[in-house]
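Peer 1: Structure in C-alpha cells, see below.
A short reminder: the numbers here are calculations on the coordinates, not readings from a lab. Quick caveat, the model's predicted, so the values are computed rather than measured. Cβ sites come from the backbone with ideal geometry, for glycine too, and all protein chains shown count toward neighbours.
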Amino acid sequence: MSSQLALPLKLQDHAVFESFHAAGNDALFAFLTELSQASEGPGCFVWGAPATGKTHLLQAVCERVGDQSVYLPFEQVFVAGAGVLQGLAGRRFVCLDDIHLVTGKQEWEVALFALHNQIADHDGILIVSSNAPPRESGIELADLESRASRLPVFQTQELAENDRIQALRLRARHRGLELPDDTATYMLTRSRRDMGSLYQLLDRLDTEALIAKRRLTIPFVRDVIGRS
C-alpha cells in the first residue's frame with residue numbers, strides 16, 4: 001500500500017498489527033489498535049530505542065485505516081524540505097516517524113507546529129515517533145514542545161530473548177514460513193540480536209528457501225549465514 005504523498009514512499013507488507021509481537025508493549029499495542037478501530041480520540045507520542053517496533057506500529061495503523069492515513073518517515077523525506085508537510089492535515093491519521101531527525105531545525109519546527117494546529121482544527125489524529133520523549137527530543141520551539149508533551153506518551157520496550165524467538169516465529173508465519181523454535185534460537189546465537197537485524201536475516205532466509213525449496217532447518221540457516 002502506497003502512502004498518499006507524491007513521494008516514493010511505501011508501507012512494508014509485513015508491518016501489520018497481526019505480525020507484531022506485543023510483549024512488553026501491550027498498552028501501546030492496545031491503544032493503537034483501538035484508536036485505529038474507533039478513528040477518534042487523541043493520537044500519541046511513541047519513543048524508544050531503534051528496532052523496538054515504532055515504525056512497524058505506525059505503518060500498521062496506516063495499513064488498518066487505509067486512505068484515511070498518511071505515513072511520513074523523516075529519514076526518507078528530510079531532503080525534500082519542510083514543505084512536504086503541507087496538506088497532510090487533510091488525512092484523518094497523520095503518522096510521523098523519527099521526528100528527532102528534524103527537531104532543532106527552525107524551518108521544520110515551524111512547519112510541524114503549523115501541521116499540529118491544522119490537525120487539531122480538523123479533529124485529526126497525530127501519531128509521532130522519536131528516539132526520546134517529547135522534552136528530550138531536541139525540540140527548541142516551546143509551543144511545539146508543549147503540544148507534543150500533551151499527547152499520551154508511550155515508550156517501546158526491547159523484547160526479552162524468548163520473546164524475540166516468538167516475534168521471529170510470528171513474522172515467519174505471517175510470511176507463510178514455518179520457523180521451528182530450535183532454528184529461531186540458532187538465529188539468535190549466530191546473528192546480531194537486535195530485531196531489525198534478525199528480521200533482515202529472516203527476509204534473506206525466506207528468499208533463499210524459496211529458491212532452494214528448502215525448509216528453515218538449522219543446517220540450511222547455517223549454510224546461508226556462512227555464505228554471508
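Peer 1: I'd like the distance between the alpha-carbon centres of region 81-112 and region 164-228, rounded to an integer number of Å.
Peer 2: So the separation of the two Cα centres works out to 36 Å.
Peer 1: When only DSSP loop residues count, what trypsin sites (Lys or Arg not before Pro) in region 130-192 have their Cβ near at most 16 other Cβ atoms within 10 Å?
Peer 2: ARG175, ARG192
Peer 1: Averaging sequence separations of C-alpha pairs under 8 Å and six or more residues apart, then dividing by the length of region 99-224, give the relative contact order as a whole percent.
Peer 2: 18 percent
Peer 1: Expected output is a single nm value to one decimal: the length gained when fully extending between ALA114 and LYS213, i.e. 0.36 nm times separation in residues minus the C-alpha distance. What is it?
Peer 2: 30.3 nm
Peer 1: If you average the C-alpha positions of region 116-142 and of region 7-80 separately, how far apart do those two centres end up, in angstrom?
Peer 2: 15 Å
Peer 1: Going by how many other Cβ atoms sit within 10 Å of their own, how do ASP143, ASP97 line up, fewest first?
Peer 2: Taking fewest neighbouring Cβ atoms as first place, the list is ASP143, ASP97.
Peer 1: Something else about it: Which angle from 0 to 90°, rounded to the nearest 10, does the C-alpha axis of helix 195-212 make with the longest principal axis of the chain?
Peer 2: Between helix and principal axis, roughly 50 degrees.
Peer 1: Related question: Please state the charge dipole magnitude for the chain, taken about the Cα centre, from unit charges on C-beta atoms (+1 on K and R, -1 on D and E), reported in debye and rounded to the nearest 20.
Peer 2: 860 debye
Peer 1: Another question, if that's okay. Restricting to DSSP loop positions (anything but H, G, I, E, B) with no more than 14 other Cβ atoms inside 10 Å of their own Cβ, which GluC sites (Glu not before Pro) remain in region 17-61?
Peer 2: In loop regions of region 17-61 (DSSP not H, G, I, E or B), the sparsely surrounded GluC sites (Glu not before Pro) are GLU40.
Peer 1: Lysines near LYS213 by alpha-carbon distance under 21 Å, same-chain residues fewer than 8 away left out - which ones?
Peer 2: none
Peer 1: Further, regarding this structure: Rounding to the nearest 10 and keeping the result within 0 to 90°, find how far the Cα-based axis of helix 106-121 lies from the longest principal axis of the chain.
Peer 2: It is inclined by approximately 80 degrees.
Peer 1: Another question, if that's okay. Suppose R0 equals 22 Å. What FRET efficiency, 1/(1 + (r/R0)^6) with r the Cβ-Cβ distance, do ASP194 and ARG173 give to the nearest 0.05?
Peer 2: So the FRET efficiency works out to roughly 0.55.
Peer 1: Per 10 Å bin, what is the whole-percent P(r) computed from every C-alpha pair distance within the chain?
Peer 2: Per 10 Å bin, starting at zero, the Cα-Cα P(r) for the chain comes out as 8, 32, 31, 19, 9, 1 percent.
Peer 1: On to the next question. Nearest 10 degrees, 0 to 90: what angle lies between the long axis of helix 54-65 and the longest principal axis of the chain (Cα atoms)?
Peer 2: Compared with the principal axis, the helix lies near 80 degrees.
Peer 1: Can you compute the label reach from ALA23? Point 7 Å from Cα along the Cβ direction, backbone N cut-off under 14 Å, restricted to region 133-173.
Peer 2: Only 157-171 fall inside the zone, counting backbone N under 14 Å.
Peer 1: How would you rank HIS14, HIS116, going from fewest to most other Cβ atoms within 10 Å of each one's own Cβ?
Peer 2: Final ranking by Cβ density, sparse to dense: HIS14, HIS116.
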